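*Asks:* Input: one structure, supplied below.
The values are calculated or read from the model by the stated rules, or taken from the named source; none is laboratory data. Quick caveat: nothing in here was measured; it's all calculated off a predicted structure. Note: ideal-geometry Cβ built from the backbone for every residue, glycine included; neighbour counts use all protein chains shown. For the accessible areas, the whole protein counts, side chains as well, though only heavy atoms, and no ligand, DNA or RNA atoms are used. Shrake-Rupley method; radii C 1.70, N 1.55, O 1.52, S 1.80 Å.
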Amino acid sequence: MNQICEEFQIAVIGAGHAGIEAALAAARLGVKTVLFTLSLDGLANMPCNPSIGGTAKGHLVREIDALGGEMGKAADATFLQSRMLNLGKGPAVHSLRVQSDRRAYHHYMKRVIENQPNLCLKQGEIVDLQVENGRLTGVMTKLGMLYRVQAAIICSGTYQNAKIHIGEVNYASGPDNQLPSCGLTDRLPDYGITIRRFKTGTPSRVHRRSIDFSQLEEQKGDDPIVPFSFTTDPSGLKNKVSCYVAYTNETTHKIILDNLDRSPLYGEAKRIQGVGPRYCPSIEDKVVRFSDKKRHQLFIEPMGLDTQEMYLQGMSSSLPEDVQLAFLHSIHGLEKVEVMRNAYAIEYDCCDAQQLKATLEFKPLPGLYGAGQFNGTSGYEEAAAQGLVAGINAAMQVLGREPLVMDRSESYIGTLIDDITIKGVMDPYRMMTSRSEYRLLLRQDNADQRLTPIGYRIGLISEERYQKFLAKWDAIHQEVQRLEHTTLSPTQQLNEILVSRETSTVSTGVKLADLIRRPQVRYQDLASVDTDRPDLPRDVWEQAEIQLKYAGYIQKQLDQVKQMKKLENKRLPEGTDYKQITGLRLEAQEKLNKVQPYNLGQAGRISGVTPADVTVLLIWLEGQGKEGKSHAESQ
């Protein structure tokens, strides 16, 4: 018989990147929360790449921070090297990435969790749920303890019924040979939740002393450094290490191709049944799918300051150990490399994200939420973003407050959640800037402008931080106004600057703003002739420059958002039976009934729903409105 333990309001199942943000958000909102993890030593683990950020992922981290999450602060406090990616392109795709100290990141997050009021951290495995009258009321541990809660969030990552594959060998295990979580996903179908099987992988870790760095390309960090958190002072940030670049070659590829029959992905047995990530393939996938390429890039990155382990980004594999060693030894600089941890593939259970509401609550089971790789996504950053939203919404439900529904036009977090819940996930979902139709508006540099007011309204942003945020954006506005109203005379000094920037000279007075709008001219270029310029922080003058330089493009996207909002504002009644709507195609009826979109905008993004179907829904909605009005008038 299950013994009832202490009662909580929210239980978070799993203490990876999703679970941490979920638990912290709920506890910080004043809700009594318990966070379960299979091992306290695995909290905030980085079983794959020890890094935070990257293309589009860096946007997510800055949005998490702007809302009041923890990942950005942890990344700033524990990074080894920081780089801003895509600087050769426009600001919409600039993305921050740091190489993290894996153990330092774990210790930082464990300390934050342990010191958080309203939050209890417990080592234990959840194997079942308690459901009463169709609603979640508790969670049960493997040891038979029942914890009564009002809501629970599953953040189990890649641990659910996890299986490791290395060549012909496979065995039950979570990442890093930790224990898998067994039992919970076997019970979830009883509550109406569909379970799927996905797969991911990770590369070898090798010993630093066995690498010939003289044959590798050194990759240094940025100076100055841009922090992830809007609260971090950048003046104290310093790079501590270099990373390195190597390349596969034709010999490497031949070794892989000659041994494909021993791969659990390509062998006759095809032991891996789970669907793998499309945008982060294994090295054998790359060699097969991109057979025209004579080499593939790999990055050699340190795991921490207190270890000699180096991570081989880009070399994920599930080939046998001897094959892994052979193809690594064929790479220049790695001829004598010593493998400390073998690469492996891992299969795990996850849910069908189309069963989730935009709040990340399961439609079949009120009170149960999902976040992270359990929802079919990949990556620490995607997981943390969902964990934050699920934690907020579980707390909002407990507190009887309005839920937080993130809009795809205001955030990458909103885009991610809209994509997975409305379009569905066929393979592990990875955030990319190309997934957003509004990426010029959703830049990482203005994440605080977009989301900090929301975090403040919810209660995750302090009054002190909010006032600093308001002061910053007031300074940006004032600088834009100054640039718009300051005229420079056509001096020789100014024209020499313009010639050096390969743009036309001026013969009459010109506004500073008009000069900055020129693609060739930067704000800093005009410092010597802009004598009244105030001494502003980098993030202030950079934001002023972006607003001026891209004003026309930004306005176009704002107009697109306005058009989209017309459909987003047309709400669809909850629980509608779309089979009863005349004119909808059968496929559209089935997809709409499964997803139950909140509005016409979401309906139009469902795969299998055509513009003609949206028109039918629009006409039907208008008819519903007229019927409702006529009924009201007759009363």
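*Asks:* Can you list the HN-Hα couplings for region 226-237, worked out from phi with the Karplus curve (6.51, -1.76, 1.60; θ = phi - 60°), rounded to whole Hz and with x for Gly and Pro?
*Replies:* Computed from phi, the couplings for region 226-237 are 9, x, 6, 7, 5, 9, 7, 7, x, 5, x, 8 Hz.
*Asks:* Let me ask something additional. Measure of size requested: the Rg and Dmax of region 204-254, with Cα atoms as the atom set and Å as the unit; please supply both.
*Replies:* So, for region 204-254, Rg and Dmax equal 16.3, 50 Å respectively.
*Asks:* Rolling a 1.4 Å sphere over the protein heavy atoms, what is the accessible area per residue of region 350-393, to the nearest Å²?
*Replies:* 11 Å²
*Asks:* Put a dot 7 Å past each Cα toward the Cβ at Asp258 and Gln478; how far apart are the dots in nm?
*Replies:* Going from the Gln478 label point to the Asp258 one covers 7.0 nm.
*Asks:* Here is a follow-up. What is the P(r) of region 36-158, as percent of Cα-Cα pairs per 5 Å bin from 0?
*Replies:* 2, 10, 15, 18, 16, 13, 11, 8, 5, 2, 1, 0
*Asks:* Once you list every other residue whose beta carbon is under 13 Å from the beta carbon of Asn259, what net charge do they have if Lys and Arg are +1 and Asp and Glu are -1?
*Replies:* My count for the surroundings of Asn259 gives -4.
*Asks:* How much length would be gained if the chain were fully extended between Arg341 and Leu399, taking 0.36 nm per residue of separation minus their Cα-Cα distance, in nm to one decimal?
*Replies:* Full extension from Arg341 to Leu399 adds 16.3 nm.
*Asks:* Translational diffusion coefficient of region 157-254 at 25 °C, 0.890 mPa s, Stokes-Einstein with Kirkwood Rh over Cα pairs, in µm²/s as a whole number.
*Replies:* The calculation lands on 131 µm²/s.
*Asks:* Let me ask something else. In whole angstrom, how far apart do the alpha carbon centroids of region 138-187 and region 229-289 sit?
*Replies:* Value for the Cα centre distance between the two parts: 25 Å.
*Asks:* Filter the GluC sites (Glu not before Pro) in region 1-103 down to the DSSP loop ones having no more than 14 other Cβ atoms within 10 Å, then list what survives.
*Replies:* Hits after loop and neighbour filter: Glu6, Glu7.
*Asks:* Now for a separate question. For region 63-123, state the semi-axes of the equivalent ellipsoid (square roots of 5 times the eigenvalues of the alpha-carbon gyration tensor), sorted largest first and rounded to whole angstrom.
*Replies:* 29, 15, 7
*Asks:* Report Rg (one decimal) and Dmax (nearest whole number) for region 266-392, counting Cα atoms only, units Å.
*Replies:* Every Cα atom of region 266-392 included, Rg and Dmax give 18.6, 56 Å.
*Asks:* Now for a different question. Could you give the radius of gyration (one decimal) and Dmax (whole number) of the Cα atoms in region 420-555, in Å?
*Replies:* Cα only, region 420-555: 19.2, 61 Å (Rg, Dmax).
*Asks:* With a 1.4 Å probe and all protein chains left in place, how much accessible area per residue does region 205-253 have, in Å²?
*Replies:* 52 Å²
*Asks:* Given a 1.4 angstrom probe, I'd like the percentage of the accessible area of the chain that is carbon and sulfur, rounded to a whole number.
*Replies:* Carbon plus sulfur share of accessible area: 49 percent.
*Asks:* Using DSSP to call loops (not H, G, I, E or B), can you name the trypsin sites (Lys or Arg not before Pro) in region 401-498 whose Cβ has at most 16 other Cβ atoms within 10 angstrom?
*Replies:* Those satisfying the criteria are Arg401.
*Asks:* Could you state the per residue volume, in Å³, of the convex hull enclosing the Cα atoms of region 9-61?
*Replies:* With only Cα atoms used, region 9-61 gives 85 Å³ per residue.
*Asks:* Moving to a separate point now. If N is the number of residues in region 334-452, what value comes out of its Cα radius of gyration divided by 2.2 N^0.38 Å?
*Replies:* Region 334-452 yields a ratio of 1.25.
*Asks:* Additional query: Taking 2.2 N^0.38 Å as the expected size of a compact globular protein, what ratio does the Cα radius of gyration of the chain give against it, to two decimals?
*Replies:* Scaled against compact globular proteins, the figure is 1.03.
*Asks:* What accessible area per residue, rounded to a whole number of Å², is obtained for region 394-462 using a probe radius of 1.4 Å?
*Replies:* With all protein chains present, region 394-462 gives 33 Å² per residue.
*Asks:* Follow-up. Using DSSP to call loops (not H, G, I, E or B), can you name the GluC sites (Glu not before Pro) in region 240-338 whose Cβ has at most 13 other Cβ atoms within 10 angstrom?
*Replies:* Taking region 240-338 and a limit of 13 other Cβ atoms within 10 Å, the loop GluC sites (Glu not before Pro) found are Glu268, Glu335.
*Asks:* Can you give the alpha-carbon Rg of region 479-609 over 2.2 N^0.38 Å, where N counts its residues?
*Replies:* Dividing the Cα Rg of region 479-609 by 2.2 N^0.38 Å gives 1.80.
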